[in-house]
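Presented below is the structure to which this report refers.
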Amino acid sequence: MDSMAKTGTTTQGLRAAIERSGYYPTLVAEAVQAAVGGEPVVSYLVHQETTFDANEVRRHVTVLVLTGTRFIVSHTDEQAADATSPSPYATTSTESVKLGRISSVVLSRVVANPESYTPGQLPREVVLTIGWGAVARLDLEPAACGDPNCEADHGYTGSSTADDLSLRVSEAGDGPDSVRETLTFAQALSEATAATTTR
């Protein structure tokens, strides 16, 4: 897999990171800039990955931008020619979320040899999951009581998990810089959402 992640704190740096990703940079940059508007960029993360789907190679880029008031997420995917289009095409979408709407920022770290872990050691892999209520996953299972002989219908029990965005970055697949940059962006986003709750 060919992946790349870049993080930083300026609009010019954001544009440069999109250019370095090499993935339809003009298209991606225009979509992201339209969503950001005139707001200063606090932090950003550009993550480009290549996946293999049957006999096709597909590329995808995710751009995350933090401003003083919003979290912006942009996805761009390329598609092969199909019944709706005689030539290959790309689809770009952007979503702008007020910081106060972000309900969770989850950062999962995978660390090799945890018994010898030292402070500041880079995880082998990180998964950044951000929830703001646009998408939720329901996990249901039949409810039961404590009586093993009970045959009554107790309905269902389950849990709802916010799962709007999940981004996995690994040292092996993306390189240590990408892991470090994901950690930096996650910290900036966590601090920004914490600040909105204390206002």
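Taking first residues from segment 29-51 that are closer than 16 Å to Ala188 by Cα and partners that are open to solvent by 30 Å² or more (accessible area, probe 1.4 Å) and charged (D, E, K, R), the Cβ contacts under 6 Å between residues at least 6 apart in sequence or on separate chains come to Val46/Lys6.
Against the list (1) loosely packed, with under 14 Cβ neighbours inside 10 Å; (2) at pLDDT 80 or above; (3) closer than 28 Å to Arg70 by Cβ, the condition Trp132 fails is (1). Among the conditions (1) among the polar types (S, T, N, Q); (2) loosely packed, with under 13 Cβ neighbours inside 10 Å; (3) closer than 23 Å to Ser178 by Cα, Ser87 misses just one, which is (3). Among the residues of segment 175-199, those identified as hydroxyl-bearing (Ser, Thr, Tyr), at pLDDT 90 or above and open to solvent by 30 Å² or more (accessible area, probe 1.4 Å) are Thr184, Ser190.
Look through segment 10-39, keep the residues that are out of contact with any Leu (no Cβ under 9 Å at 6 or more places or on another chain) and over 28 Å from Val57 (Cβ atoms), and return whichever of them is surrounded by the most Cβ atoms within 10 Å (Cβ to Cβ). Outline the logic, then answer.
The first filter runs over segment 10-39 and keeps only residues out of contact with any Leu (no Cβ under 9 Å at 6 or more places or on another chain), leaving 10-16, 18-28, 30-31, 34-35, 37-39.
Add one more test, that the residue is over 28 Å from Val57 (Cβ atoms), and what stays is 10-13, 34, 37-39.
On the way: Thr10: 13, Thr11: 18, Gln12: 9, Gly13: 16, Ala34: 10, Gly37: 10, Gly38: 7, Glu39: 16.
Per the criteria, the residue is Thr11.
Listed conditions (1) at pLDDT 95 or above; (2) open to solvent by 80 Å² or more (accessible area, probe 1.4 Å) are all met by Val57, apart from (1).
Test Glu78 against the criterion of being in contact with a Lys or Arg (Cβ under 7 Å, 6 or more places away or on another chain), over 17 Å from Gln187 (Cα atoms) and either among the charged types (D, E, K, R) or modelled with pLDDT of 80 or more (or both), and give yes or no.
In short, yes.
Condition check for Ala172 on (1) more than 20 Å from Gln48 (Cβ to Cβ); (2) modelled with pLDDT of 90 or more: one failure, at (1). Taking the conditions (1) open to solvent by less than 40 Å² (accessible area, probe 1.4 Å); (2) over 20 Å from the mean Cα position of the chain (by Cα) in turn, Thr50 satisfies each one other than (2).
The values are calculated or read from the model by the stated rules, or taken from the named source; none is laboratory data. Remember, predicted model here, so these are calculated numbers, not experimental data. Counting neighbours? That spans all protein chains shown, and the Cβs are built from the backbone with ideal geometry, glycine included. Ligands, DNA and RNA are excluded from the accessible area calculation, which covers all protein heavy atoms including side chains. Shrake-Rupley method; radii C 1.70, N 1.55, O 1.52, S 1.80 Å.
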